[in-house]
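Shown next, in structure tokens, is the structure this report addresses.
Each value in this text was obtained by applying a stated rule to the coordinates, not by laboratory testing. In this text the structure is predicted, and so the values were computed from the model without any measurement. All Cβ positions, even for glycine, are placed from backbone atoms using ideal geometry, and neighbour counts span all protein chains on display.
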Amino acid sequence: MSLNQLIANLPEKRRSEASDPDKRRAAVLALFDDHDGELRLWFIRRAELGDDHSGQVAFPGGHLHPNESPEDAALRECFEEISVPIDAVELLGGLDDVVSIFGTIVSPIIGRLRRPIMPVADQREVARVFSVRWSDLINRKSYRKETWGERQYPMHFWQLEGETIWGLTGFFVEALIQMETA
């Protein structure tokens, strides 16, 4: 289980959804940390703000500003939400864009910390920041899969570090696992 295997399987170019003026765009950063002898992936639990994503586990991220690339938005949001300096992140690539159930086009960007950093949650947006061992994710520790809706959409759940990783974030984690094991 190595980050190098995952990097080797990243697509040369990620599929980007065509810009639709009626759809908002967002980007998230799947931030790997391979310091301290084990590969980890960072997550946040969003603050309870009364919106659709309140209290949910996610990767750092948010909506794009006008004329901002998904990569720049992911780095900016990571800095704003968990205080990781932009220059501390090496961008590795990305997964294909996905349209969320809310109609937002989400660009998952993949990066790794260049140096050891202890992220700090911005309490206005983030209730908690935590990392999960990649081996626990890839070995399906505390994992279950359900199918939802008429279309039998696969929903992936991990119960780790006292949190539930699921939804679009779970979908992205599963895509990363599939990429490493390809």
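If you take every residue apart from GLN5 with its C-beta less than 14 Å away from the C-beta of GLN5, what net charge results, scoring Lys and Arg +1 and Asp and Glu -1? Present the calculation step by step, with values, prior to reporting the outcome.
Details: positive: ARG112; negative: ASP34, GLU180.
Combined, the nearby Lys, Arg, Asp and Glu give -1.
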Quick calc of log₁₀ I(q)/I(0), the stretch 3-133, Debye, one scatterer on every Cα, no solvent, q values 0.14, 0.18, 0.21 1/Å, result -0.61, -1.01, -1.33
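List the longest stretch of the chain that has no exposed loop site; here a site is one of the trypsin sites (Lys or Arg not before Pro) assigned by DSSP to anything other than H, G, I, E or B, with at most 12 other Cβ within 10 Å.
Working: sites that count: LYS13, ARG15, ARG114, ARG124, ARG140, ARG151.
The segment 16-113 is the longest one with no such site.
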Can you give the helix-only mean residue ellipticity at 222 nm for the chain, where every DSSP H stretch with n ≥ 4 adds -39500 (n - 2.57) and the sum goes over all residues, rounded to the nearest 500 deg cm²/dmol? -6000 deg cm²/dmol
All lysines inside 30 Å of LYS23 as judged from Cα atoms, apart from same-chain residues fewer than 8 positions distant: LYS13, LYS145
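Which loop chymotrypsin sites (Phe, Trp or Tyr not before Pro) in the stretch 70-178, with loop taken from DSSP, have no more than 15 other Cβ atoms within 10 angstrom of their Cβ?
Working: sites: PHE79, PHE102, PHE130, TRP134, TYR143, TRP148, PHE157, TRP158, TRP166, PHE171, PHE172; in loops: PHE102, TRP166.
Of the chymotrypsin sites (Phe, Trp or Tyr not before Pro), the ones in loops of the stretch 70-178 whose Cβ has at most 15 other Cβ atoms within 10 Å are PHE102.
Loop-only check: which GluC sites (Glu not before Pro) in the stretch 70-154 are DSSP coil with at most 12 other Cβ within 10 angstrom? Before the final figure, lay out each step's value.
Values: sites: GLU71, GLU77, GLU80, GLU81, GLU90, GLU125, GLU146, GLU150; in loops: GLU125, GLU150.
Sparse-neighbourhood loop GluC sites (Glu not before Pro): GLU150.
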